[in-house]
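Input: a single structure, listed below in structure tokens.
Since every read-out is calculated from the coordinates, none of them should be taken as a lab result. In this text the structure is predicted, and so the values were computed from the model without any measurement. FYI the Cβ positions are ideal-geometry reconstructions off the backbone, even for glycines, and counts take in every protein chain you see.
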Amino acid sequence: MKSKFLILSAAFLLFFFWSEPFFAQCSMCRAVVESNESNTGEGLNNGILYLMGFPYIIMITLGIIIFRKVYRDNRKFRGEPVS
């Protein structure tokens, strides 16, 4: 148990301290969009929303599938008819 805590703590600290360079990319993208006069910003925002939505869609779908399976298994265990 203690070794799991140490491994998770080390992983968290490494992630926390190495994540700083990733924050610079947002300001770099913003600078590129601001310097461009066309509709690049709208396309960039749509792309970000597109990429942001898929993990939520996947997690919701998996949650529904798991919930339905558990609910169906519980109904079978109690002897209720399964539709």
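Measuring r between the beta carbons of L8 and I66 and using R0 = 30 Å, the FRET efficiency lands at 0.80. Legend: calculated FRET efficiency, F54 to F17, from the Cβ-Cβ distance at R0 = 30 Å, rounded to 0.05, equals 0.60.
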